[in-house]
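The values are calculated or read from the model by the stated rules, or taken from the named source; none is laboratory data. These figures come from a predicted structure and were not determined experimentally. Please note: Cβ atoms are built from the backbone with ideal geometry, for glycine as well, and neighbour counts cover all protein chains shown.
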Amino acid sequence: MLRAGARHPDADELEASTSRQHDQDVDVQMYATLNEYLQLEQKFQPRLCLPAGSENGEVTIGARDGAAHVLRCLKVWYDLPAEVLINAINLFDRFLTKMKVRPCHIPCITVSCMNIAIDQRAEDTRQPRTVSVEELVSVSQSACTAGDVRRMSRVIGDKLALAAHVRARTALHWLRLLHALLARAAARLHMRLPPLQESELVNLLEIAVCDASCVNARTSELALVIIYHKLEEQLAEWSQRESAAGGNTDSVYYLNDFAAQLQAHCNMSEASLASTRGLMRAAQARYGARGRAHPQRLVWRLSERTLKVLRPTDRLTSLLPTIEEQHFAVEQTPNRTRSGSESSESEETSDWPRSPVLPVYCNN
């Protein structure tokens, strides 16, 4: 019999065997998911062919990019997860692939795609949606009604054959899956490297999908190219640090080789991957150049009806007028009588709201 607190001689070997079996099960499950994504990739792949200029009243590339940026603004405004934005853009591009629409319908289609994406997110998480259709219409200023958005949402659902049990496998799904596979490969190699931050990868993906040049790229290629992009940025730093410390730099290149094995498993040719890499980098360059060339603060555009509701403080001044003292005798003080019909509504500030007004502070 073993003493109290003593371990079985085969306990360590049993734990190691259990850990290896668990790792193998996880790897099998992840590669099964990878194969599932490969089978469904073409089903959810947009194939847009939009003109650069409006010739016969067609939707242009600029209109598509404008709609994508409106969707991203709505995502930031309501602090929605990245899944909602990527799914809404995917729905928009797939609908334009199947249907020929007029430019005047683009605002309604844009808000409707966001509405569908929010509904799908609520169904997947089994939580009530936090953004109503009326709020989407109001903030987006799409000049359509909530009823129009609901009807257009049904049309989009019918044309794309949206089903409750089947969700689109977007580039974000691919990005997270490939990122997880690379992380497991790095763990097996015992690599002490700074991990690729998922938030940075998702930000690069949002910039890419908002650019029309990356619409027709394979979602798997776009995700792998983004991971390659971040990996190449850190390769030089990792190599220099390991060389200075006298460490082995081969593990870094092993990880790069593993990404190449993923490329072969997904049937990505070198030419297609190089083309997608060029499109992604061009989109990143345009995004960065636009941000540097047109720095601007947040501007609020309000309608006349909104201005009447807000009661702007245009009559407020920073300097108060001097109050002149008047010395009246007690008997000369004018009598101030107040009738029962007088109220503060007849004063100069009668148009100000009686409810409390909360100030809004903006960082300049």
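A quick yes/no check of all residues on (1) surrounded by 15 or more Cβ atoms within 10 Å (Cβ to Cβ); (2) modelled with pLDDT of 85 or more; (3) out of contact with any Asp or Glu (no Cβ under 7 Å at 6 or more places or on another chain); (4) not assigned by TED's automatic domain parsing to the domain that holds Gln197:
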| residue | (1), (2), (3), (4) |
| --- | --- |
| Ser220 | yes, yes, no, no |
| Leu224 | yes, yes, yes, no |
| Glu233 | no, no, yes, no |
| Ser239 | no, no, yes, no |
| Gly247 | no, no, yes, no |
| Ser251 | yes, no, yes, no |
| Leu255 | yes, no, yes, no |
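Cβ-Cβ contacts under 6 Å between residues 6 or more apart (or on different chains), taken from a first residue in segment 262-287 that is farther than 30 Å from Asp27 by Cα to a second residue that is outside any helix (DSSP H, G or I) and charged (D, E, K, R), are listed as Ala283/Asp211. Any residue at all in segment 148-158 that's hydroxyl-bearing (Ser, Thr, Tyr) and in the same structural domain as Asp124 (by TED's automatic domain parsing)? Looking through segment 148-158, at least one residue is hydroxyl-bearing (Ser, Thr, Tyr) and in the same structural domain as Asp124 (by TED's automatic domain parsing).
I want to confirm something. Restricting to segment 156-178 and keeping residues that are more than 18 Å from the chain's Cα centre (by Cα) and not aliphatic (A, V, I, L, M), which single residue is surrounded by the most Cβ atoms within 10 Å (Cβ to Cβ)? Ranking the qualifying residues of segment 156-178, first place goes to Gly157. Of the residues making up segment 17-36, none is outside any helix (DSSP H, G or I) and at pLDDT below 70.
Which of the residues spanning segment 67-91 are within 19 Å of Glu135 (Cα to Cα) and of a type outside the set (A, V, I, L, M, F, W, C)? Those that are within 19 Å of Glu135 (Cα to Cα) and of a type outside the set (A, V, I, L, M, F, W, C): His69, Arg72, Lys75, Tyr78, Asp79, Pro81. Taking the criterion of being under 22 Å from the mean Cα position of the chain (by Cα) and surrounded by 18 or more Cβ atoms within 10 Å (Cβ to Cβ), the residues of segment 137-151 that qualify are Val137, Ser140, Ser142, Val149.
Candidates Asp158, Asp211: the one that is charged (D, E, K, R) and either touching a Lys or Arg at 6+ places or on another chain (Cβ under 6 Å) or under 19 Å from Leu224 (Cβ atoms) (or both) is Asp211. Scanning segment 153-178 for residues that are under 24 Å from Asp79 (Cα atoms) and either of a type in the set (S, T, N, Q) or in a helix (DSSP H, G or I) (or both) yields Ser153, Thr170, Ala171, Leu172, His173, Trp174, Leu175, Arg176, Leu177.
Residue count for segment 94-123 satisfying the condition of being touching a residue at least 60 places away in the same chain (Cβ under 8 Å) and not in a helix (DSSP H, G or I): 1. Considering segment 112-136, and only residues there that are touching a helix residue (DSSP H, G or I) at 6+ places or on another chain (Cβ under 9 Å) and among the basic types (Lys, Arg), the residue that is surrounded by the fewest Cβ atoms within 10 Å (Cβ to Cβ) turns out to be Arg129.
Going by what's in this entry, would Asp65 be described as surrounded by 12 or more Cβ atoms within 10 Å (Cβ to Cβ) and modelled with pLDDT under 90? Considered against the rule, which asks whether it is surrounded by 12 or more Cβ atoms within 10 Å (Cβ to Cβ) and modelled with pLDDT under 90, Asp65 comes out as no. Does Ala285 satisfy being at pLDDT 80 or above and either at negative phi or not in a helix (DSSP H, G or I) (or both)? So Ala285 fits the description; yes.
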